[in-house]
Amino acid sequence: MHSTHAPSPAAPPDAALDRATMLAALRARTARLEGAGRVLHAAAAIPICEGLGLPGGGLARGALHEVLATSPGCGAAFCAVLLARTGGTVLWISNGQDDLSAWPPGLARHGLLPSNLILVRADRAADALWAMEEALRCPAVAGVLLSQPDHTRLDLTATRRLQLAAEAGGALGLLLRPDAPQIEPTAATTRWRIGAASGGSGPEEARWAVELLRAKGGRPGGPWAVTWRAGTDASTGALTLDESAAETIRGTTSRETAG
């Protein structure tokens, strides 16, 4: 399993610390991170956009959510927006060489800055699940995403472990998977479908069709047409609901279902 993160500057030769001092410094840093994490995880749900009428106003922290992508780019961009809104350090875990692997410049255009991002690549599915579970339990982590290839199955036991880990650590957990005709049940709190919608003008103003397929304690909804508009810098941007386009999407979906 491999991970990438911005390297820390090397300490000068004359700044060497004895073992006891170094351990004390590490413990203090961990305590600060965990304290900040507890405050962060006590915050409100992760907002998506106004007008969706979601229970709690958005995605619950301390829970696992599933995102089914009809195209890799839309799924990664949508998840980047959600992870950026956690307000802290996030892990993006890729299982092998799948099409949903992270591309940092693209994620940054959707608010997820490299300074808050840790990339992890696991060669085995079991390693990827282990990495996600351990990261979700860490109170210093605000969000964790696992991208899964289409041939990888997730059973209820594995996703229950991830849900329990998210509850323990308080982080936002995302499972990003390709959409398919038959998707096995999981223990995720919500299941979403995300795809491209007509009318977007490129990466700086992308339009997506978003549908809530399942929600514990709530009802399915959508599909909605939402537009991402990048802000003046990489850390800002907004998702807005387009009701007129949503009606067109619903009409197309109804015709496809009837056919």
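The values are calculated or read from the model by the stated rules, or taken from the named source; none is laboratory data. Not measured: the values here are computed from a predicted model. For neighbour counting, all protein chains shown are included, and Cβ atoms are generated from backbone atoms with ideal geometry for every residue, glycine included.
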Practice problem: From 66, 133, grab the single residue that is within 27 Å of residue 241 (Cβ to Cβ) and either surrounded by fewer than 23 Cβ atoms within 10 Å (Cβ to Cβ) or under 16 Å from the mean Cα position of the chain (by Cα) (or both). | Solution: 66
Quiz item: Out of (1) touching a residue at least 60 places away in the same chain (Cβ under 8 Å); (2) surrounded by 24 or more Cβ atoms within 10 Å (Cβ to Cβ); (3) in contact with a Pro (Cβ under 8 Å, 6 or more places away or on another chain), the odd one out for residue 95 is which?
Solution: (1)
Quiz item: Taking residue 65 and the conditions (1) of a type outside the set (D, E, K, R); (2) modelled with pLDDT under 55; (3) not in a helix (DSSP H, G or I), which numbered condition does it fall short on, given that it satisfies the others?
Solution: (2)
Quiz item: When segment 191-239 is examined, which residues are found to be at pLDDT below 90 and of a type in the set (S, T, N, Q)?
Solution: 198, 201, 232, 235, 236
Self-check item: Search result, residues across segment 142-176 that are modelled with pLDDT under 95 and over 24 Å from residue 88 (Cβ atoms)
Solution: 149, 150, 151, 152, 153, 154, 155, 156, 157, 158
Quiz item: If you take the residues of segment 171-221 that are polar (S, T, N, Q) and part of a loop (DSSP other than H, G, I, E, B), which of them is nearest to residue 129 (Cα to Cα)?
Solution: 186
Quiz item: Do we have any residue at all in segment 139-150 that's crowded, with 20+ Cβ neighbours inside 10 Å, closer than 22 Å to residue 71 by Cβ and among the aliphatic types (A, V, I, L, M)?
Solution: yes
Exercise. Give the residue, chosen from 56, 73, 106, 111, that is in a loop (DSSP other than H, G, I, E, B) and either on the phi > 0 side of the Ramachandran plot or out of contact with any strand residue (DSSP E or B) (no Cβ under 6 Å at 6 or more places or on another chain) (or both).
Key: 111
Quiz item: Right, residue 48: touching a strand residue (DSSP E or B) at 6+ places or on another chain (Cβ under 7 Å), at pLDDT 70 or above, of a type in the set (A, V, I, L, M) and not in a strand (DSSP E or B) or not?
Solution: yes
